[in-house]
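Structure first, commentary second.
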Amino acid sequence: MKPIPVGQQAAADELTHEQWEKIDAVIAAYRGKPGALIPVLEEAQGISGYLPEIVQRRVAGGLGIPLSQVYGVVTFYSFFTMKPRGRHQVRVCLGTACHVRGGHLLEKKISQGLRIQPGEVDKDRLFSLEIVRCVGACGLAPVVVVDDDTHKQVKAARVEEILDGYRNREEERYA
Amino acid sequence: MLKKIKSFEALQDIARQVAQDHQKYRLRLMVCGSNDCHLTGSNEIIDEFQKQIQQRNLEDQVQVVATGCIGSCSMGPVMTVWPEDIFYMKLQPADVGEVMDSHVEGGHPVERLMYHDPNTGQAIAHSADIPFFARQHAIVLGNKGLIDPESLRDYIWQNGYQALHKCLTALSPEEIIAEVKAAGLRGRGGGGFPSGLKWEFCANTKGDVKYVLCNADEGDPGAFMDRRIMEDDPHAILEGMVIGAKAINASQGYIYCRAEYPLALERLYAALDQARSMGLLGKNIMGTGFDFDIEIYKGAGAFVCGEETALMTSIEGKRGTPRPRPPFPAISGLWGKPSILNNVETWATVPRILFDGGDAYAKIGTESSKGTKVFAVTGNINNIGLVEVPMGTSIGEIIFDIGGGVSGGKQFKAAQLGGPSGGCVPAAYLNLPTDYEAIVKAGAIMGSGGLIVMDEDTCMVDMARYFMDFCQDESCGKCTPCRVGTKRMLQIVENICKGEGRPEDLDLLESLSHTINDASLCGLGQTAPNPVLSTLKYFMDEYRAHIEDKKCPAGVCADLFTSPCQNACPVEMDIPAYIALVRAGRLADAYKVLKRTNPFPGVCGRVCGHPCQSKCRRSQLDEALAIKNLKRFITDYVPPLRPEPIPVVHPEKIAVIGAGPAGMTAALEMKKRGYAVTVYEALFEAGGMLRWGIPEYRLPREILARELQEILDTGVVLKTNVKIGEDISFDDLKSDHDAVYIGIGAQKSSPLGLSNESAAGVIGAVEFLRDYTMGKDVWVGKRVAVVGGGNSAIDAARTALRLGAESVTILYRRERKDMPALEAEVKAAKEEGAVIDFLVAPLEILVSDGSIKGLKLQRMRLGDFDSSGRRRPRAIEGQIVRMEIDMLIPAIGQQAELDFLSPATQIDDNTKDTVAIDAGGNTILVNKDYSTDHAGVWAGGDIVTGPAMVIDAIAAGQKAAVSMDRALREAKGEQPWKETEDKIEIPVEVDEEVETLLQIRIRELSTAERSRNFSEVELGYDEDMALREARRCIRCDVKTEA
């Protein structure tokens, strides 16, 4: 294995030995298959939570394709992220149905409450905020999806209540 | 090990077994277990039913099944009881016991949980009778609510895989393609390319390896039909793909599904496993020797991958950018091999076509668009959900008949068709048929079938911004016109939304649109400008309002206003300020705030149509603030001001014709600016329609008198009993004054246009109300009919009842929801005993001895849509009824009396001495600043707009005064006037916790107390009520730093 370049040590340290092993296993399983890059990145992100440069290098080296191509694909698809995510993913749907039913007000409210912009993670790495374009739950608009929970017909005044639910869960975990 | 299916009989055996299994049960409770119903708690419903069935030992008789989506997503959780077809909606776990007791065990369906017709309030038991379902034509969604989406056996029970068997054993590839061509099937994903033709190209291309692809990258926001098909009927897709494979002789297929659809993926994987294990997929399918398998490919989130060549590039593991065509994928597609790509809905339609035959399918739909289409109907609409209708069904039918109309009682503004790169069409297009070509002609596209309904609170410029934002975000970047152009367009539209737009931006947007459309490689770029082009085409006035007036009429673009209520008010009253002052107990200051922008707050506190309340942010939480009532409260509790006369500082003299709200406001505003102002009123008192048209039980005289006096106290001179054109000629008035303002209103009732309208007992609503108010001896019949649906009709009806009519019937040609009258007025009229008969129009006035004896009435029904988005009333032939009456009050509109404008003044061609009048002779035509083409003459109020709200007339008077003053000063080279006002400090006090709390209801006289008198019905708030109501304001005008 190539040594990790200076400056990427911090990012590398975020991944455990076990995670690296899993990523390598994924790469090995797909090596030589046509069109393997995207499924590999999907699985790698599932393991490491995000795709920092160090992981992209590993994938490029493992599959024998240029790093530029890996980087090109990672930045092209919205599913991939190079930033770490919070423990809870808050996704505000701004599909058209949610937009006309006030989804943009929710985005503003959550953004203000967490003091982060979409695409960012809050300082405790508890929540990260993302904008999504339609989760196909238009009948329940506007929706906010936190992790796997879809919150329906959310009103701006109720946003904090929803987030508090997750905060309390965290406190219980550590209590 | 499951037995593989190798014959038609084997399929039929399974179908028979499943049918027998079902027949074992007396009742089958089919609970919708799809996404939306699941999220509203269908799981708990299912668990509770199962528990209770067990407790009651009914397992042998009653079965609970979690079905796929039945499309009525906003009614969820829903359930249908088979075989009776009883439909229940909005179920709660607590309802289960009642359904079990009363229905399952007692045989009596529970009416409370059924669908209720919103018009009649009647419960409808059977789903087949509910308009939402009855008007649909389910083909591709044919299995909805019938099958367990995870059961292949259920799919086979509904004739599944029989079409495939036919294709593999009895039809040649050419014959399969011929059937698809005969069906006229066109791609349901957006392009609408004939599927059979595409298959034929591919079949005719030489090659050993060919691919069948399914586009399941449903990325259009607001479209979720493909998701539902994958989740609820996955085998239909697989069966369609195998048939396609047979037609082009392919052995490998891919489904490209977006990763955002986890349940769809799960069900697809499961369906693939089931199909393989039963010999319906893989090697030697159904024992026929045909091999074909399918792999699922998860998309990583890029809208452009819905484009066919981009999708293929993505499967190849690269950035999903489109490729130039030709070569078309049918010649060179995935990995350079001949490929056919269709979307989920198209593939799921294929088995149905092959099962019933192409000709049968082609019988449905229009000439160029055959079959049915699934629409995802969302946005501001009552019945959000999936609907499948024959092509050609009008969008109005989908929105109003199936969709149940606009939610929250709001007005329809636009429908957005075809996803982000579709277009918005206005109310005038509700008759538009859903046909590929017709939709394109209207400036939108069919797309994948997203239909988003937008109400009056939607800003169309903001919508254009929203869609441009989406398109520029999703542009793959390959073509410069799309990558850079969409970004520039977004910037321009964003600037317009911020109030920084320039007039020339509109042309720039249009030319950029055409460039992007012409020069982009794929459908995304070519159609990306559509939302801007279609909104420019249909909603130009909203762009103008943003650019020229820096106003967002819908109250969406936050940079252009501080609070939505103030933004909605025609005179921009500072509503949050006076409500805050009520809360702080500073009523005198609150009154000053009212008076700054409105000389008639006491009047408006009683009779205003309150557009402010319809935009109140609080309504998103529970209910709008009662702004009107709070305004009245302030005027009730603060003593009249005694304004000092304002000195005259200008030599110019101003004449105002008509002492109604428009005229008196214009007079006051000119007085404030230091002019000598004289108001000429034809009748013996000032007030106009406020005095003569609005009955006292709504607006007591002393309230109006007080506010008129406050205007006169400033030194405005009022001359009553002076009729211009009789007592003084218009030309003389003109030559005696430097500026003239015409605010005479519309003083005559419009006739019905029937013969015998001059018979005794027929009197127009305006004349009836005015005669009574003037103290004339007014005759009132015993049986009275009022024709019309506006506020005058209601006023006339309630006045007739008070004056002793035994029965009053209001005849209206449309439905309740179409009545322009205020909701509260209609309610009060009914409480007081008026009857409203809808869908009826007078046909003939029956007379005997010169007096009215009755009416012949034509029964109406609602037909197609007019340009206002309401359905046109149409006569129902042969349905004519008679009604005996002795008094008829037409209240269908008002006309003006403009004879005083001498012929010379009216028709003085091409000189600057013309007051232009519209063709109907009822309104004066004015410029944007309320000036007429006659130099020195301005006009406003009902005489310009036709009957409108008081607050509109007040606004008109104010705007005209600004323009008059400017014109007079500009002539002298002076700067325009600027108002100096006392600074009133506005407190900011908000409740920490916002609790759900409805409006504090106003006190009212009981119906008994109202009988036969004109005492004011509404009694206003007391101090405690006002304080509680004021506390409900969430102060959305206060901007806090993030």
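In whole angstrom, and with the biggest value first, how far do the Cα coordinates of region B:748-895 range along each principal axis?
Each principal axis gives a Cα extent; for region B:748-895 these are 45, 36, 29 Å.
Region B:1-98: which trypsin sites (Lys or Arg not before Pro) are DSSP loop and have at most 14 other beta-carbon atoms within 10 angstrom?
On the way: sites: B:Lys3, B:Lys4, B:Lys6, B:Arg16, B:Lys24, B:Arg26, B:Arg28, B:Lys51, B:Arg56, B:Lys90; in loops: B:Lys3, B:Lys4, B:Lys6, B:Lys24, B:Arg26, B:Arg56, B:Lys90.
When the trypsin sites (Lys or Arg not before Pro) of region B:1-98 are filtered for loop state and at most 14 Cβ neighbours within 10 Å, B:Lys3, B:Lys24, B:Arg26, B:Arg56, B:Lys90 remain.
If I stretch the segment between B:Glu844 and B:Glu174 completely, what's the gain in nm (0.36 nm per residue apart, minus their alpha carbon distance), one decimal?
234.6 nm
Given the C-alpha centroids of region B:840-861 and region B:913-969, what is the distance between them in whole angstrom?
What the calculation gives is 38 Å, centre to centre.
Mean residue ellipticity at 222 nm from the helices of chain A, using -39,500 (n - 2.57) per DSSP H segment of n ≥ 4 over the full residue count, to the nearest 500 deg cm²/dmol?
Theoretical 222 nm ellipticity from helices: -15000 deg cm²/dmol.
How fast does region B:24-86 diffuse by Stokes-Einstein, in µm²/s, taking the Kirkwood radius from C-alpha pairs at 25 °C and 0.890 mPa s?
Estimated via Stokes-Einstein, D reaches 209 µm²/s.
Find the Rg to Rh ratio for region A:64-140, where Rh is the Kirkwood radius over alpha-carbon pairs and Rg uses the same atoms. Don't skip to the answer; put the middle values down first.
Numbers: Rg = 14.8 Å, Rh = 13.8 Å.
Here the Rg-to-Rh quotient is 1.07.
Equivalent-ellipsoid semi-axes (√(5λ), Cα gyration tensor) for region B:462-560, whole Å, largest first?
Working: eigenvalues 113, 31, 23 Å².
Taking √(5λ) for each eigenvalue gives 24, 12, 11 Å, largest first.
Using the Karplus curve 6.51 cos²θ - 1.76 cosθ + 1.60 with θ = phi - 60°, work out ³J(HN,Hα) for each residue of region B:346-358 in order, rounded to whole Hz, and write x for Gly and Pro.
Result, ordered by residue: 5, 4, 6, 7, 4, x, 5, 5, 5, 6, 8, x, x Hz.
Just list whichever of B:Lys3/B:Lys318; B:Lys550/B:Lys978; B:Lys413/B:Lys856; A:Lys22/A:Lys152; B:Lys498/B:Lys983; A:Lys152/B:Lys551 have alpha carbons separated by over 30 Å in the model shown.
Over 30 Å apart, Cα to Cα: B:Lys3/B:Lys318; B:Lys413/B:Lys856; A:Lys22/A:Lys152; A:Lys152/B:Lys551.
Which order do B:His126, B:His934, A:His99 fall in if you start with the one that has the fewest other Cβ atoms within 10 Å?
B:His126, B:His934, A:His99
I want the local charge near B:Gly187. Using Cβ-Cβ distances under 15 Å, sum +1 for each Lys or Arg and -1 for each Asp or Glu among the other residues.
Working: positive: B:Lys181, B:Arg186, B:Arg188, B:Lys198, B:Arg325, B:Lys370, B:Lys373; negative: B:Glu200, B:Asp217, B:Glu218, B:Asp220, B:Asp226, B:Glu307, B:Glu308, B:Glu345, B:Asp435, B:Glu437.
So the surrounding residues net to -3.
When a footprinting reagent is the concern and you count Cβ atoms within 10 Å, what order do B:Arg186, B:Arg783, B:Arg319 take, fewest first? Can you show the working numbers first?
Values: B:Arg186 24, B:Arg783 16, B:Arg319 21.
Result, fewest neighbours first: B:Arg783, B:Arg319, B:Arg186.
Could you tell me the calculated FRET efficiency between B:Glu367 and B:Asn119, based on Cβ-Cβ distance and R0 = 30 angstrom, to the nearest 0.05?
On the way: r = 34 Å, r/R0 = 1.14.
Once the sixth-power term is evaluated, E becomes 0.30.
Starting at the first residue of region B:490-504, write each ³J(HN,Hα) from the Karplus equation 6.51 cos²θ - 1.76 cosθ + 1.60 with θ = phi - 60°, in whole Hz, x for Gly and Pro.
4, 4, 5, 5, 4, 4, 4, 5, 8, x, 10, x, 10, x, 6
How would you rank B:Ile124, B:Ile984, going from fewest to most other Cβ atoms within 10 Å of each one's own Cβ?
Going from least to most buried by this count: B:Ile984, B:Ile124.
Take the alpha-carbon positions of region B:368-458, form their convex hull, and give its projected area averaged over all directions (one quarter of the hull surface) in nm².
Across all orientations, region B:368-458 yields a mean hull projection of 5.0 nm².
Say each of B:Arg325 and A:Thr16 gets a label point 7 Å from the Cα, pointing the same way as Cα to Cβ; how far apart are those two points in nm?
4.8 nm
What cysteines in chain A have no other cysteine with a beta carbon less than 4.7 Å from their beta carbon?
Cysteines of chain A left without a disulfide-compatible partner: A:Cys134, A:Cys138.
From largest to smallest, what semi-axes in whole angstrom does region B:240-342 give when each is the square root of 5 times an eigenvalue of its alpha carbon gyration tensor? Please report the intermediate quantities before stating the final value.
On the way: eigenvalues 124, 71, 14 Å².
For region B:240-342, the ellipsoid semi-axes come out as 25, 19, 8 Å.
Which FRET efficiency, nearest 0.05, do B:Asp918 and B:Asp293 yield, Cβ-Cβ r, R0 56 Å?
0.20
Compute the Cα gyration tensor for region B:799-874, then decide on rounded, prolate or oblate, letting a ≥ b ≥ c be the square roots of its eigenvalues: rounded whenever a/c is under 1.5, prolate when a/b is larger than b/c in the other cases, and oblate in all that remain.
Because a/c hits 1.5 or more and a/b fails to exceed b/c, region B:799-874 counts as oblate.
Find, among the GluC sites (Glu not before Pro) in region B:1-109, those assigned to loop by DSSP (not H, G, I, E, B) with at most 12 other beta-carbon atoms within 10 angstrom.
Those satisfying the criteria are B:Glu59.
Could you check the spin-label model distance between B:Glu979 and B:Asp13? Points 7 Å from the Cα along Cα→Cβ, value in nm.
Placing both labels 7 Å beyond Cα along the Cβ direction yields 8.8 nm.
From a point 7 Å beyond the Cα of A:Ile65 in the direction of its Cβ, which residues of region B:288-320 have a backbone N at a distance under 16 Å?
Residues B:297-302, B:310-320 qualify, since their backbone N sits under 16 Å from the label point.
With a cut-off of 8 Å between alpha carbons and a minimum separation of six or more residues, what is the relative contact order of region A:9-76 in percent?
Over region A:9-76, the number comes to 33 percent.
Only residues of region B:553-570 count here: report those whose backbone N is under 19 Å from the spot 7 Å along Cα→Cβ of B:Gln620, or say none.
B:553-569
If you keep only loop residues by DSSP, which trypsin sites (Lys or Arg not before Pro) in region B:421-510 have at most 15 other Cβ atoms within 10 Å of their Cβ?
Here the trypsin sites (Lys or Arg not before Pro) that fit, given the DSSP loop and packing criteria, are B:Lys498.
What number, rounded to the nearest 500 deg cm²/dmol, is the helix-based mean residue ellipticity at 222 nm of chain B, given -39500 (n - 2.57) per DSSP H run of at least four residues and division by all its residues?
-10500 deg cm²/dmol
Quick check: residue separation of B:Ala1008 and B:Arg706 times 0.36 nm, minus the Cα distance between them. What number comes out in nm?
This chain segment gains 105.8 nm when fully extended.
Rg to Rh ratio, the protein assembly as shown, alpha-carbon atoms and Kirkwood radius?
1.01
What is the Cα coordinate range of chain B on the first, second and third principal axes, sorted by size from largest, in whole angstrom?
102, 69, 62
For region B:8-134, I need the span (max minus min coordinate) of the C-alpha atoms along each principal axis, in Å, sorted largest to smallest.
Result for region B:8-134: principal-axis Cα extents of 50, 35, 28 Å.
Quick one: net charge of B:Pro131's neighbours, Cβ under 13 Å, K/R +1, D/E -1?
Here the charged neighbours net out to -3.
Cα-based Rg (one decimal) and Dmax (whole number) for region B:152-362, in Å?
15.6, 44
Pop the C-beta distance of B:Arg1001 and B:Ala94 into the FRET formula with R0 = 25 Å and round what comes out to the nearest 0.05.
Efficiency, from the Cβ-Cβ distance: 0.30.
Every number here is computed from the coordinates shown, using simple stated rules; none is lab data. Here the structure is a predicted model, which is why all the values come from computation and not from measurement. Neighbour counts run over all protein chains shown; Cβ positions are idealised from the backbone, glycine included.
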